[in-house]
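Structure first, then comments.
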Amino acid sequence: MSKLRGGNTPWESMGESMDDIESRIIELVAKSKNMQPSDVRMDSTFEELQIDSLDKINLSFAVEEMFSIEIPDDALNSLKTVGDVVRGVETLRAAAPPSATAS
């Protein structure tokens, strides 16, 4: 039952669909703030979730480790919502060829 959906986007060929990335990030954010995942939405702002700059840095480290990516420091300031993080992960995963993480 692990068939890829049509389209074969880069993150799907790496074994994770956009929905997987979204749900993993939502769970991470919820856990970090002791919330239920159902209380965190893609359009939830960090301000609404009471995520301050230190929380954002800690989340970025967790996201980098979870998805084997490196988030540029200057990109952190542009992240304002949970959806921004999800889209950023998708972009970084799509831009990095699978062999780039093996070096």
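Tabulated data for the structure shown
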| read-out | value |
| --- | --- |
| Answer residue from region 1-21, given it is part of a loop (DSSP other than H, G, I, E, B) and at pLDDT 50 or above and is surrounded by the fewest Cβ atoms within 10 Å (Cβ to Cβ) among those | GLY15 |
| Region 45-87, residues that are closer than 16 Å to ILE21 by Cα and not hydrophobic (A, V, I, L, M, F, W, C) | SER60, GLU64, GLU65, SER68, GLU70, THR81, GLY83, ASP84, ARG87 |
| Residue tally, condition under 10 Å from the mean Cα position of the chain (by Cα) and free of Cβ contacts under 8 Å to residues at least 40 places away in the same chain, over region 74-90 | 3 |
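Okay, residues lined up against (1) surrounded by 13 or more Cβ atoms within 10 Å (Cβ to Cβ); (2) at pLDDT 95 or above; (3) in a loop (DSSP other than H, G, I, E, B):
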| position | (1), (2), (3) |
| --- | --- |
| SER23 | yes, yes, no |
| ARG41 | yes, yes, yes |
| ILE51 | yes, yes, yes |
| SER60 | yes, yes, no |
| VAL63 | yes, yes, no |
| ALA75 | yes, no, no |
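The values are calculated or read from the model by the stated rules, or taken from the named source; none is laboratory data. This is a predicted model, so every value here is computed, not measured. All Cβ positions, glycine included, derive from the backbone under ideal geometry; neighbour counts span all protein chains shown.
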